[in-house]
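The block underneath contains the structure these notes are about, expressed in structure tokens.
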Amino acid sequence: MAEDVHEPLEHYQAYLKDAHLQHTADYFEDMVRTSRVDEAANSKTVQEIRDLEKRGKASGNNTRWLKLLRIAVYVAVAVTLFLAYRQHLAWLTGAAGLLAAIFAKLNPIIKAGDNHTQALITERAEREALAWAQMSALNSLFDWDIFAKLVSKTFPKIELDPYFSHARLINLRQSYGWNDAFNNSRSVMFAHTGIVSGNPFILAQTLNHWIGSKTYSGSLTIHWTEQGRDSNGRTTTVSRSQTLKASVNKPFPSYETESILIYGNHAAPDLNFSRQPSSLSALDDGAINKWRKNQAIKKLETKARKLSSGSGFTPMANREFDALFAAGDRDHEVQFRMLFTPLAQQEMVKILKDKQIGFGDNFVFSKMQKINAVEPKHLTGMDISASPDSFRFYDLMVARAHF
């Protein structure tokens with residue numbers, strides 16, 4: 001069994017990041033060799049596609065300019081005809097003849113340009129069909145279990161199931177106390193299941209729904225006339241207008257995608273707590289920022305003094321951890337300390353303050369006895385499915401870079 005990771009940031013930077021990149025690259029090249037894709041032929045076809053795209057765009061632009069010129073000539077001649085009609089009828093014949101002559105020249109050129117552009121589009125489509133055919137053997141090798149294989153190869157403690165396992169969900173319910181309240185107002189769009197160090201987890205992408213509100217606004221300008229008399233006694237009519245504005249606030253459905261990790265573990269089985277991202281985590285160690293952190297720590301200490309002796313909250317020795325992690329609603333101090341040992345506190349502070357390696361303090365973390373839920377904001381809106389379709393391209397170079 002792989003050893004436990006005690007310094008996650010350092011382990012990721014020193015090993016996991018490059019190892020996963022190498023395993024992924026090696027896996028892709030193995031698939032290329034298995035598929036026997038002719039890389040040189042595909043590269044040549046793709047280059048022809050890019051050239052046809054460039055030529056098609058240039059041809060289309062040229063034709064559009066000629067069409068604009070035709071409109072401009074039409075307007076100019078129309079104005080000329082109008083002036084001729086107003087000033088000298090003899091101009092009419094000449095202007096009409098000029099218009100006919102210009103259109104006789106422009107129309108065939110524009111038609112030929114349209115035909116040339118369409119021919120380039122057709123040829124490009126044929127080249128793309130050829131490129132897809134060249135890549136078909138490789139594209140057929142992408143399947144749903146590649147992601148699981150690569151993750152487990154890089155980090156053997158994580159074993160992803162090739163497909164969603166209903167057994168994992170049953171295990172979370174029966175052994176860890178998971179319940180279906182999670183499904184209230186949300187739909188699961190996709191989920192990975194697996195185990196880490198023997199403990200089950202689900203990584204789910206959900207669509208959340210709630211009823212918010214929206215303000216609808218509108219305006220209407222009204223006009224009217226008023227009659228009166230001026231200083232000389234004459235009747236006058238005055239035009240007036242006013243813009244009427246109104247707004248109304250109504251319920252409005254809102255939706256948001258998010259990803260959540262649900263993890264079962266028997267450690268600290270009676271402990272409940274929650275924490276939100278803290279703005280303190282992003283602060284540097286300047287004097288003012290140290291003062292702000294100290295103020296947060298003092299609030300925790302004040303809270304501890306106000307609570308009754310049996311209520312359970314006691315500040316940690318690592319005050320910075322308490323200020324940044326801020327699990328002030330924890331309800332079992334002994335188990336909280338068993339979970340967050342001095343080393344764990346130290347490493348959590350590194351994760352929260354990190355600005356270079358990971359994503360820093362951008363996650364919600366809730367523990368509900370044996371169930372742990374982590375919601376990282378950087379996964380919001382991200383496709384976590386690793387769907388085979390997302391890796392299929394007609395360009396081998398693009399497919400390699402994307403994979």
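The values are calculated or read from the model by the stated rules, or taken from the named source; none is laboratory data. Since the model is a prediction, treat every value here as computed from it, not as a measurement. In this analysis, Cβ positions are derived from the backbone assuming ideal geometry, glycine residues included, and neighbour counts consider all displayed protein chains.
SER259 - would you say it is in contact with a Pro (Cβ under 8 Å, 6 or more places away or on another chain) and surrounded by 10 or more Cβ atoms within 10 Å (Cβ to Cβ)? For SER259, the condition - in contact with a Pro (Cβ under 8 Å, 6 or more places away or on another chain) and surrounded by 10 or more Cβ atoms within 10 Å (Cβ to Cβ) - is met.
Within the stretch 267-279, does at least one residue satisfy the condition of being assigned to a helix (DSSP H, G or I), under 29 Å from ALA326 (Cβ atoms) and assigned by TED's automatic domain parsing to the domain that holds THR314?
Going through the stretch 267-279, the residues assigned to a helix (DSSP H, G or I) turn out to be 279.
Next cut, under 29 Å from ALA326 (Cβ atoms) only: 279.
Checking which are assigned by TED's automatic domain parsing to the domain that holds THR314 leaves us with 279.
Within the stretch 267-279, one or more residues are assigned to a helix (DSSP H, G or I), under 29 Å from ALA326 (Cβ atoms) and assigned by TED's automatic domain parsing to the domain that holds THR314.
Could you tell me which numbered condition LEU280 fails, if it satisfies all but one of (1) touching a Lys or Arg at 6+ places or on another chain (Cβ under 6 Å); (2) within 21 Å of ALA204 (Cβ to Cβ)? Unmet for LEU280, out of (1) touching a Lys or Arg at 6+ places or on another chain (Cβ under 6 Å); (2) within 21 Å of ALA204 (Cβ to Cβ): (2). On inspection, LEU271 qualifies as under 30 Å from MET368 (Cβ atoms) and either at pLDDT 75 or above or of a type outside the set (Ser, Thr, Tyr) (or both).
Checking each residue in the stretch 172-205 for being at pLDDT below 90 and of a type in the set (Ser, Thr, Tyr) picks out SER185, SER187, SER197.
From the list GLU29, GLU10, the one residue that fits, being under 32 Å from the mean Cα position of the chain (by Cα), more than 30 Å from GLN118 (Cβ to Cβ) and at pLDDT below 95, is GLU10.
Of the residues making up the stretch 328-348, those that are assigned to a helix (DSSP H, G or I) and not aliphatic (A, V, I, L, M) are GLU333, GLN335, PHE336, ARG337, PRO342, GLN345, GLN346, GLU347. Tallying residues that are charged (D, E, K, R) and either free of Cβ contacts under 8 Å to residues at least 12 places away in the same chain or surrounded by 10 or more Cβ atoms within 10 Å (Cβ to Cβ) (or both) within the stretch 234-244 yields 1.
Among GLY381, GLY358, which is at pLDDT below 95 and closer than 29 Å to ASN139 by Cβ?
Numbers: GLY358 fails: closer than 29 Å to ASN139 by Cβ.
None of the other options fit; the residue is GLY381.
Listed by first and then second residue, the pairs with beta-carbon distance under 7 Å, at least 6 apart or on different chains, first residue in the stretch 179-206 and in contact (Cβ under 8 Å) with a residue 24 or more places away in the chain and over 16 Å from VAL151 (Cα atoms), second part of a strand (DSSP E or B) and charged (D, E, K, R), are THR206/ARG186; THR206/GLU258.
Can you confirm whether GLY228 is part of a strand (DSSP E or B) and at pLDDT below 85?
yes
In the stretch 222-233, the condition of being polar (S, T, N, Q), in contact with a strand residue (DSSP E or B) (Cβ under 6 Å, 6 or more places away or on another chain) and surrounded by 14 or more Cβ atoms within 10 Å (Cβ to Cβ) is met by no residue.
Out of the residues in the stretch 149-181 that are assigned to a helix (DSSP H, G or I) and basic (Lys, Arg), which is nearest to the chain's Cα centre (by Cα)?
Residues of the stretch 149-181 assigned to a helix (DSSP H, G or I): 149-154, 166-176, 180-181.
Next cut, basic (Lys, Arg) only: 149, 153, 168, 173.
Values: LYS149: 25, LYS153: 27, ARG168: 28, ARG173: 31 Å.
Only one residue fits best here, namely LYS149.
I'd like to verify a number: residues in the stretch 164-201 that are closer than 23 Å to GLU256 by Cα and of a type in the set (A, V, I, L, M), how many? Selection size over the stretch 164-201: 4. Checked against the criterion of being at pLDDT 85 or above, touching a helix residue (DSSP H, G or I) at 6+ places or on another chain (Cβ under 6 Å), assigned to a helix (DSSP H, G or I) and not assigned by TED's automatic domain parsing to the domain that holds GLY198, the candidates THR45, THR80, THR34 yield just one match: THR45.
Among the residues examined, ILE211 qualifies as under 30 Å from ASP383 (Cβ atoms) and either at pLDDT below 95 or under 28 Å from the mean Cα position of the chain (by Cα) (or both). Enumerate the pairs (first residue in the stretch 134-153 and at pLDDT below 95; second residue anywhere and assigned to a helix (DSSP H, G or I) and surrounded by 14 or more Cβ atoms within 10 Å (Cβ to Cβ)) with beta-carbon separation below 6 Å, excluding pairs fewer than 6 apart on the same chain, so at least 6 apart or on different chains. Close Cβ pairs satisfying both conditions: ASP143/PRO388; LEU150/HIS23; LEU150/THR24; LYS153/HIS23.
Reported count of residues in the stretch 353-367, each being within 22 Å of the chain's Cα centre (by Cα) and either among the polar types (S, T, N, Q) or not in a loop (DSSP other than H, G, I, E, B) (or both), is 5.
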